[in-house]
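In what follows, a structure is listed as structure tokens, so that the remarks can point back to it.
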Amino acid sequence: MLVLAAVSVAALAACGHQAASVDLSAISTSSTTGSTVCGALPRHAVELALGTDDLRVVKRGAGLDAIGSTDVTSCQVYRPGSTTWSLDVAFADFKGTENQQLLAEFQQRSGNREKKLPSDLGTGLVDSPWSTGSPSAQVTMMNGEKQLQITLARVPARRDQSEDVLALARLLKPYFA
């Protein structure tokens, strides 16, 4: 019994230490100098959102800085040792009516998980695509026939994923406008 109690206390102490090491600073949307991830997102912003500076990046297509001149591009960022991404950014230019249909759906939706984007980000939604037991947040922005979707998942629970994904959206907005 004493051994079990000691193991439990050690496990709690380890969890407490790990939770205390999460940087809860807000992601700055004013400074974009320094190295980038995926060609456009400030590395420091991604490190804060994911809670680590050990990032593995997989780009498909051009970098996110090419949003204005490409039809499709995406980038996924993985945390250490993970085979599942923690940040997914996908851009598509539909060049047709599909995006207009999606926009109409956005305007009609009023679910309890999603809400309209703040006005500075334009048309779209922010929501939590998975259950509340899994820290996640997603922004979908619309600009004519273009769609930009940013998803955070499997990130430190003590960070505000909704605020983080909105900050990342603000950092990408100049490329998307």
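Descriptive notes on the structure:
- Residue under evaluation S82, criteria (1) surrounded by 18 or more Cβ atoms within 10 Å (Cβ to Cβ); (2) modelled with pLDDT of 90 or more; (3) polar (S, T, N, Q), criterion not met: (1)
- Under the condition of being under 13 Å from L172 (Cβ atoms) and not in a strand (DSSP E or B), the residues counted in segment 65-76 number 4.
- Any chance D120 is loosely packed, with under 13 Cβ neighbours inside 10 Å, modelled with pLDDT of 85 or more and out of contact with any Pro (no Cβ under 6 Å at 6 or more places or on another chain): yes
- Any hit, segment 85-97, residues being out of contact with any Asp or Glu (no Cβ under 9 Å at 6 or more places or on another chain), modelled with pLDDT under 95 and either surrounded by fewer than 16 Cβ atoms within 10 Å (Cβ to Cβ) or more than 30 Å from E145 (Cα to Cα) (or both): no
- Test: residue in segment 77-96 that is closer than 21 Å to Y175 by Cα, β-branched (V, I, T) and in a loop (DSSP other than H, G, I, E, B): no
- The sole residue among A49, A62 that is part of a helix (DSSP H, G or I) and surrounded by 15 or more Cβ atoms within 10 Å (Cβ to Cβ) is A49.
- For segment 1-58, the set of residues classified as touching a helix residue (DSSP H, G or I) at 6+ places or on another chain (Cβ under 7 Å) and at pLDDT below 85 consists of T32 only.
- Among the numbered conditions (1) within 14 Å of the chain's Cα centre (by Cα); (2) within 19 Å of V139 (Cα to Cα); (3) free of Cβ contacts under 8 Å to residues at least 40 places away in the same chain, the only one that T73 does not meet is (1).
The values are calculated or read from the model by the stated rules, or taken from the named source; none is laboratory data. Owing to the predicted nature of the structure, the values given are computational and were not obtained by experimental measurement. Virtual Cβ from ideal backbone geometry, glycine too; neighbours counted across all protein chains shown.
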